[in-house]
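Some notes on the structure that comes next.
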Amino acid sequence: MDINPLQVFHPSAKRNRLWLNLLSLGLGLLCWQVTSVFSGVEVFILPSPLAVWSRFMVAVQDGSLFRDIGVTFSEVVLGLVVGVIVATVLGYSVAKSRPLEQVLSPYLVASQAIPVVAIAPLLVLWFGYGMLSKVLICALIVFFPVLINTIVGIRAVPQAFYDLMKSLRASRKQILTKVEIPAALPIFLGGLRIGATLSVIGAVVGELIGSKYGLGNLINRARVGYDMPMVYVAVFMLVFLALGLYGIVAQVEKRLLAWQEQK
Amino acid sequence: MTTEPILTVKNLSVVFPDNNGGLRALDDLSFEVHPRDFICFLGPSGSGKTTLLRIIASLLKPTTGEVNFIHNQRPEIGMVFQQSNLMPWRTVMDNIKLPLELENMDESAARIKAQEMIELVGLNGFEDSWPRDLSGGMAQRVAIARALIHDPDLLLLDEPFGSLDAITREHMWVELSRIWQAKQKTVIMVTHSINESLFLADKVLVLTQRPGKIKFELEVDLPRPRKDDIRYSPHFGKLARKLREAIE
Ligand SMILES: Nc1ncnc2c1ncn2[C@@H]1O[C@H](COP(=O)(O)OP(=O)(O)OP(=O)(O)O)[C@@H](O)[C@H]1O
Ligand SMILES: [Mg+2]
């Protein structure tokens, strides 16, 4: 599994093409700089990358940025953890029990059909402007892809492995740890990878609706204060946060799934 | 043989539920297996061979009839499946020592035993290979080592060499024959190869096309140890002809 997210669109791209990625990014930044300086677009609408960079340096020096990053990061990670735990436990139970699936499936489908973004204002209303409401939004948004991938992963465990384990009188716990978890892991981690990036979206949506701190809140504050470069700084921080999480999951995949065929 | 049978099967039938009255896979099978027997079921595809082994391994319940073990307790079983059925996330070593892990054997003792098995099946140097890097024959040898490592009382072999080319398969017969003689196990094997059953077994039971029914029994009185060239002896040919006629 590649860890460079820029390569996911074309898995055959090799590391030695990295310079092409960098060149492309550099050219993009150059275009942006040239446009913002020469096009006559108001600095308020489109600040130059250099302006964004210097605003970033200021925010780093006075330390204000770190508080917001820390809050958003905590929300994202806590939401991810809660969402993944609930989705995994529920997904496993549903995969193992048809009756439970029948009972729960209306709710599970509904949980997916309701756009989390649409009920986020309600959650903020119920659980306040603090971190709790954001953690819940993140957990909800993470829930579904992880749930589905857990179910699919467990259901895909070949019957032959169960036969093998039962012929050896394995206990339920041994079947879980030695067959079901490793067999379902590739599909499960795929869900986690999607969940990690979705979680960042959840946190920002919650913060934009109502919050005290966080990068979403920073975007609102900067916007109201006509501090456009700061808005861009916040957006870039979110991008890096999402990429960082994605990269971590991809690293975990690489470690745990070394047995899979390398492409 | 005069010993008490390790396994007694009486009037065993298996019917799988389907849309029109059930699919009868096995029909009224009765037989006995004694300690250290090498019994072979010979039958065409769909005659219920895999189903029979799954019943014996208690993975499936008979629809009617009885499967009784000596002392009324299923013995320790080693099973080799039609496909090698190795866990792709485990190395050769870890696949082979799985049965010992399940018995919570001490890790270093398990590794030592697994190493012995690896030598027995001739896979030295492949301890840390992933299953994806093995040939079909090597994978089946890993599966055989895994089936033997916990010293089971009963070996169940489901067309263990079905996926191999003719030359490798014949080589594996000799290997299995050698291992069987060394370990003195009770073996129940199913196959659709006449030569395979004659080369390995003490007794061949021929199953009919679905539903599987025992229609012929043959004691294989070829001398042991059996070597590669036994297949060209006139007696082998005579027995093979008998089986061939029973099948048709
Ligand atoms: N779990 C199951 N549910 C329904 N039908 C089954 C099941 N397992 C086997 N059968 C049916 O029972 C019959 C016997 O199957 P079985 O796998 O035992 O045959 P086999 O002799 O092992 O064949 P092969 O040589 O091709 O492996 C087949 O018609 C098969 O479709
Ligand atoms: Mg079969």
Identity of the residue in the range B:195-232, out of contact with any Phe, Trp or Tyr (no Cβ under 9 Å at 6 or more places or on another chain) and assigned to a helix (DSSP H, G or I), that ends up modelled with the lowest pLDDT: B:Asp229
Residues of the range A:153-176 satisfying the condition of being part of a helix (DSSP H, G or I) and more than 10 Å from chain B (Cβ to nearest Cβ): A:Gly153, A:Ile154, A:Arg155, A:Arg172, A:Lys173, A:Leu176
The lone exception for B:Ser84 - which of (1) at pLDDT below 90; (2) away from chain A (no Cβ under 14 Å) it fails: (2)
Matching entry among A:Leu168, A:Leu122 (being more than 24 Å from A:Ser93 (Cβ to Cβ) and surrounded by fewer than 16 Cβ atoms within 10 Å (Cβ to Cβ)): A:Leu122
Contacts under 7 angstrom Cβ, first residue in the range B:98-124 being within 14 Å of another protein chain (Cβ to nearest Cβ), partner surrounded by 13 or more Cβ atoms within 10 Å (Cβ to Cβ) and β-branched (Val, Ile, Thr), 6 or more apart: B:Pro99/B:Ile149; B:Leu100/B:Ile149
Residue that is farthest from the other protein chains (Cβ to nearest Cβ), among those in the range B:174-194 that are surrounded by fewer than 22 Cβ atoms within 10 Å (Cβ to Cβ) and within 16 Å of ligand 1 (Cβ to nearest atom): B:Ile194
Check on B:Leu123, buried (at least 16 other Cβ atoms within 10 Å of the Cβ), within 16 Å of ligand 2 (Cβ to nearest atom) and not aromatic (Phe, Trp, Tyr): no
Pair list, Cβ under 7 Å, 6 or more apart: the range B:34-51 residue within 8 Å of ligand 2 (Cβ to nearest atom), other residue of a type in the set (Phe, Trp, Tyr): B:Lys49/B:Phe41
All strands (runs of 3 or more DSSP E) inside the range B:8-93 with 1 or more residues being within 16 Å of ligand 1 (Cβ to nearest atom) and within 17 Å of A:Met165 (Cβ to Cβ): B:77-80
Residue match in the range B:60-80 (condition: among the small types (Gly, Ala, Ser), more than 21 Å from B:Lys183 (Cβ to Cβ) and at pLDDT 90 or above): yes
Filter result for B:Gln115 (more than 16 Å from ligand 2 (Cβ to nearest atom) and of a type outside the set (D, E, K, R)): yes
Complete set of residues in the range B:233-248 that are outside any helix (DSSP H, G or I) and either closer than 24 Å to B:Val33 by Cβ or charged (D, E, K, R) (or both): B:Glu248
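The values are calculated or read from the model by the stated rules, or taken from the named source; none is laboratory data. Note that this is a predicted model, so its numbers are computed, not measured. Glycine gets a Cβ as well: all are built from the backbone with ideal geometry, and neighbour counts include every protein chain shown.
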